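Below is one structure, written out as structure tokens; the observations come after it.
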Amino acid sequence: MRLDLWAAVALRLLLFTSLAAKSCTLRVSGVLVPPVVVSGTTVELECNYHHSLDRPDPLYSVKWYRDVNQFYEYIPKRKPPIRVFPVPHINVDESHSTREKVRLTGVTRETSGSFRCEVMGDKPFFETDDHTVNMTVVDVPLWGPEVWGVAQGDKVRPGEHLVARCQVGDSDPPAEISWTVNSEAAPTFAHLLRSLGRDQRGRPLQVSELRVTVTEEWLARGAVTLGCQVTVSSVYHKSVNVTLFDADWPQPAEFGWFSSGSSPQLSLFLSLSLLLLLLPAGTL
């Protein structure tokens, strides 16, 4: 009786070990989902899997979920193999979706979430494996950046107080706006203000204001360049520069035979005429 009991236990352990080994025959080897994308764009989700060499069981299905909601299923033996389930803010392009890839069109901020790929082997075991990757959809500014308060070519002097505003369209998440002076980070004594509002056309905007006093060092080469950089996550980077000139910087002569305002043809004609006059008589 005791031997029969031990035999039954051993048989169960052997069966459990066999099933555990077989459960490893199908594995998700990689899920490719972009971590951050821009709203309104098209996104491809890719699910790669592999079988063990010992038992390459055929695939039964590939399923995709956003959070806990299934939105895509591919079963090779079914005709047609693709089935799409309605999930808010998930638009599947069936014509460009396959066993390995799913194409989503017109993603929105609400499309963001955890995307999970699940693969299932065929009978008799129907073992499964899955992997999850997060994707965030961001709304980027539709216009800007623009600099107000100063204009390209304005004249300034050391000690003059400047107020410049960098404006850019609304975004979600909010944009990071930074300033540079002659390609270097704005000095510590600069006063920066950040606000939200609407522009003259009523468009929602984000504003960063730079209040600073011009130094002689900035105008050492006769001009200073203010730069505004705007960043939203890792998918949006734009900048704008405005160059201001030293009002006291020496200006080039405006008149004269060899002035910077003379055309090259006129300068060459005058040079040749002067050379002919200086040549001794009879040399031509």
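From the residues in segment 126-143 that are within 20 Å of the chain's Cα centre (by Cα) and open to solvent by 20 Å² or more (accessible area, probe 1.4 Å), which one is farthest from LEU45 (Cα to Cα)? It would help to see each step written out before you state the result.
Initially, segment 126-143 is screened for residues within 20 Å of the chain's Cα centre (by Cα), giving 133-143.
Going one step further and asking which of them are open to solvent by 20 Å² or more (accessible area, probe 1.4 Å), we end up with 133-134, 136, 139-140, 142-143.
Working: VAL133: 10, ASN134: 11, THR136: 13, ASP139: 20, VAL140: 22, LEU142: 26, TRP143: 29 Å.
Across segment 126-143, the extreme among qualifying residues is TRP143.
Within segment 27-54, the residues that satisfy the criterion of being open to solvent by less than 40 Å² (accessible area, probe 1.4 Å) and either closer than 17 Å to TYR74 by Cα or at pLDDT below 95 (or both) are VAL28, GLY30, VAL31, LEU45, CYS47, SER52. Taking segment 180-209 as the range and being out of contact with any Gly (no Cβ under 7 Å at 6 or more places or on another chain), in a strand (DSSP E or B) and surrounded by 15 or more Cβ atoms within 10 Å (Cβ to Cβ) as the test, the residues that pass are VAL181, GLN206, SER208, GLU209.
Screening THR213, THR243 for residues that are in contact with a strand residue (DSSP E or B) (Cβ under 8 Å, 6 or more places away or on another chain), among the β-branched types (Val, Ile, Thr) and open to solvent by 50 Å² or more (accessible area, probe 1.4 Å) leaves exactly one candidate, THR213.
Could you check, for segment 242-264, whether at least one of its residues is in a helix (DSSP H, G or I) and at pLDDT below 95? Among the residues of segment 242-264, at least one is in a helix (DSSP H, G or I) and at pLDDT below 95, which makes the answer yes. Of the residues in segment 81-96, at least one is surrounded by 14 or more Cβ atoms within 10 Å (Cβ to Cβ), under 29 Å from SER171 (Cβ atoms) and among the polar types (S, T, N, Q).
The set of residues in segment 99-125 that are closer than 10 Å to CYS47 by Cβ and open to solvent by 40 Å² or more (accessible area, probe 1.4 Å) comprises ARG99, GLU100, LYS101, ARG116. Selection of first residues in segment 192-215 that are more than 23 Å from LEU244 (Cβ to Cβ) and free of Cβ contacts under 8 Å to residues at least 60 places away in the same chain and of second residues that are in a loop (DSSP other than H, G, I, E, B) and open to solvent by 70 Å² or more (accessible area, probe 1.4 Å), restricted to Cβ pairs under 6 Å at least 6 apart or on distinct chains, gives the following pairs, ordered by first then second residue: PRO204/ASP170. Taken over segment 68-80, residues that are surrounded by 13 or more Cβ atoms within 10 Å (Cβ to Cβ) and of a type outside the set (S, T, N, Q) amount to 6. Just give me the residues in segment 147-177 being under 14 Å from THR231 (Cα atoms), touching a residue at least 40 places away in the same chain (Cβ under 8 Å) and not in a loop (DSSP other than H, G, I, E, B), in sequence order. If the condition is that a residue be under 14 Å from THR231 (Cα atoms), touching a residue at least 40 places away in the same chain (Cβ under 8 Å) and not in a loop (DSSP other than H, G, I, E, B), then CYS166, GLN167, VAL168, ASP172, GLU176, ILE177 are the ones that fit. Hey, any hits in segment 122-135 for a residue that's modelled with pLDDT of 95 or more and touching a helix residue (DSSP H, G or I) at 6+ places or on another chain (Cβ under 9 Å)? So far as segment 122-135 goes, yes, one or more of its residues are modelled with pLDDT of 95 or more and touching a helix residue (DSSP H, G or I) at 6+ places or on another chain (Cβ under 9 Å).
Any idea which residue in segment 186-235 is farthest from VAL140 (Cα to Cα), counting only those that are hydrophobic (A, V, I, L, M, F, W, C) and under 22 Å from the mean Cα position of the chain (by Cα)? First the steps, then the outcome.
Taking segment 186-235 first, the residues hydrophobic (A, V, I, L, M, F, W, C) are 186, 189-190, 192-193, 196, 205, 207, 210, 212, 214, 218-220, 223-224, 226, 228, 230, 232, 235.
Among the residues that remain, those that are also under 22 Å from the mean Cα position of the chain (by Cα) are: 205, 207, 228, 230, 232, 235.
Working: LEU205: 12, VAL207: 15, CYS228: 16, VAL230: 10, VAL232: 7, VAL235: 8 Å.
Among them, the one singled out is CYS228.
The values are calculated or read from the model by the stated rules, or taken from the named source; none is laboratory data. Predicted, not measured: the structure shown is a model, and the values here were computed from it. Note that we place each Cβ from the backbone using ideal geometry, even for glycine, and neighbour counts take in every protein chain shown. Accessible surface is based on the protein model in full, side chains and every heavy atom, while ligands, DNA and RNA are left aside. Shrake-Rupley method; radii C 1.70, N 1.55, O 1.52, S 1.80 Å.
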